[in-house]
Each structure stands twice: as structure tokens, then as C-alpha cells.
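Reading through the C-alpha cells given below for one structure.
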Amino acid sequence: MFAAHFAAGLAIRTAEPRVGIGPLLALAFLPDLLWLGLSAAGIELVAPAVWFDGWSHSVASILVLAALAAASWSRRGAGPAAAAGGAVLSHLPLDLPIHPAPLEWWPHAGAGVGAFARGWAGTAAALGKTNGWWTEAAVVAAGLAAYVLGARRIGIPLASAGAGAILVASLQLAFG
Amino acid sequence: MMTWHDVVAQLLLVVLPAAILALIEAGARR
């Protein structure tokens with residue numbers, strides 16, 4: 001998923017405004033950011049026949065990253081620690097159903113979980129989009145609704161939150 | 001294996017929207 005990670009970061013932002021939007025989005029994308037570097041270095045493999053992303057996207061790796069993020073923000077209190085850890089952890093349920101391959105339990109475990117909806121996700125659905133696209137669109141819509149509805153509570157005017165939501169919705173339309 | 005061009009392009013797809021979202025928030029708080 002892509003736009004859904006933005007939506008998750010924004011939704012968490014309204015729940016815990018003491019963690020900035022930049023760090024929250026970086027944490028929501030942390031496994032993907034690691035994946036980019038590791039793939040370029042040849043440590044993780046992107047060819048479908050030899051797909052391997054266990055260091056950045058295994059269940060254990062994401063749990064460890066979430067724990068490290070929570071520990072890094074723990075000095076600011078339980079709320080920020082939970083938000084930081086939760087932002088990383090959100091990557092797990094969002095990627096689990098339709099990742100290119102099952103998420104390994106730990107790097108090089110050889111076994112994993114997820115990708116169970118991959119076949120269904122690739123099936124064509126309404127308006128020329130796939131089931132996977134519509135699933136992500138629903139997740140994006142829910143996250144953006146939480147952001148827009150909660151924005152005023154953390155001092156962000158509705159118009160500004162709406163502009164941010166339109167940007168993320170556009171990302172889903174263009175790249176989802 | 002991904003090239004560094006691919007990495008930069010994908011990185012910008014995350015960084016640029018995140019920067020716009022941060023700017024929107026920063027502008028709203030002024």
C-alpha cells in the first residue's frame with residue numbers, strides 16, 4: 001500500500017499532536033524507507049521470482065522497529081510513545097493482506113503470514129479498478145475522515161485539513 | 001535490483017507529499 005500509509009500517519013496525528021507530522025509520516029513509511037535502501041544495496045531482492053524483503057518487512061522487524069520508535073519517544077510520555085510505535089506498527093495490517101509475498105516471521109525465516117488476499121486483490125472490480133485498489137481506497141477514506149474530523153481539535157482549520165486530505169486522495173487516484 | 005534512480009524517484013514520492021502536508025499544517029498554525 002502507498003496512500004494508506006499517509007492516511008494512517010495523519011489519523012494518528014490527530015490522536016497525538018505531540019508527535020510532529022513529519023516524524024509520524026516517516027515512521028508510518030519506515031519499513032518502506034528501509035526497503036528502498038536495502039533493495040538498492042542488493043540486500044533485499046525485488047525480482048518476483050526471488051522476492052525477499054525480510055529485513056524491512058518481516059513481522060519481527062516491524063515489531064522491533066515499532067518498539068525502537070516507541071522507546072525513542074517515551075521521554076515525551078506514554079501518548080507520544082504509543083503514537084510513534086503505532087505509526088510503525090500500522091504498516092503491518094496495511095501490508096499484510098496484499099503484499100507481493102507473505103511477510104516473513106523474521107528475516108530469512110522461510111515462512112510467513114499474509115498476502116492471503118493477493119489473488120482477490122488483483123481481480124478487476126468497479127470503474128476499472130481492482131479489489132485491492134478499492135480496499136486501499138476505503139482505508140485511505142477512513143484515515144482521512146479521522147484526520148479531517150479531528151483536525152480542529154489539534155488546532156488545524158478544516159480547510160487546511162481538507163487540503164491535506166485531497167492531496168492524499170489524489171495520491172491514491174494516481175498511484176494506488 | 002533497484003537502481004539508485006528508482007530509489008530516488010520512490011523516495012521523492014514519499015518525501016514531497018509529506019513536505020506538502022507539513023507545509024499545509026505549518027501555514028495553518030501561523
Output the number of residues of the range A:93-133 satisfying the condition of being surrounded by 15 or more Cβ atoms within 10 Å (Cβ to Cβ) and assigned to a helix (DSSP H, G or I).
7
The lone exception for A:Ala169 - which of (1) touching a residue at least 60 places away in the same chain (Cβ under 8 Å); (2) open to solvent by 30 Å² or more (accessible area, probe 1.4 Å); (3) touching a strand residue (DSSP E or B) at 6+ places or on another chain (Cβ under 7 Å) it fails:
(3)
With (1) more than 9 Å from chain B (Cβ to nearest Cβ); (2) without any contact (Cβ under 8 Å) to a residue 40 or more places away in the chain; (3) hydroxyl-bearing (Ser, Thr, Tyr) as the list, and A:Ser39 as the residue in question, which single condition is left unmet?
(1)
Check A:Leu103, A:Leu96 and return the single one that is touching a His at 6+ places or on another chain (Cβ under 9 Å) and away from chain B (no Cβ under 14 Å).
A:Leu103
Quick one: how many residues across the range B:12-30 are aliphatic (A, V, I, L, M), facing chain A (nearest Cβ under 7 Å) and open to solvent by 70 Å² or more (accessible area, probe 1.4 Å)?
1
Looking only at the range A:95-140, which residues are at pLDDT 85 or above, β-branched (Val, Ile, Thr) and within 21 Å of A:His5 (Cβ to Cβ)?
A:Val113, A:Thr130, A:Thr135, A:Val139, A:Val140
Collect the residues in the range A:4-34 that are within 9 Å of chain B (Cβ to nearest Cβ) and either part of a helix (DSSP H, G or I) or open to solvent by 20 Å² or more (accessible area, probe 1.4 Å) (or both), keeping them in residue-number order.
A:His5, A:Phe6, A:Gly9, A:Leu10, A:Arg13, A:Gly20, A:Ile21, A:Gly22, A:Leu25, A:Ala26, A:Asp32, A:Leu33
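The values are calculated or read from the model by the stated rules, or taken from the named source; none is laboratory data. On a predicted model such as this, the values are computed, not experimentally measured, just so you know. So basically every Cβ, Gly included, is an ideal-geometry build from the backbone, and we count neighbours across all protein chains shown. The protein model used for the area step is the full one, side chains on, heavy atoms only, and it has no ligands, DNA or RNA in it. Shrake-Rupley method; radii C 1.70, N 1.55, O 1.52, S 1.80 Å.
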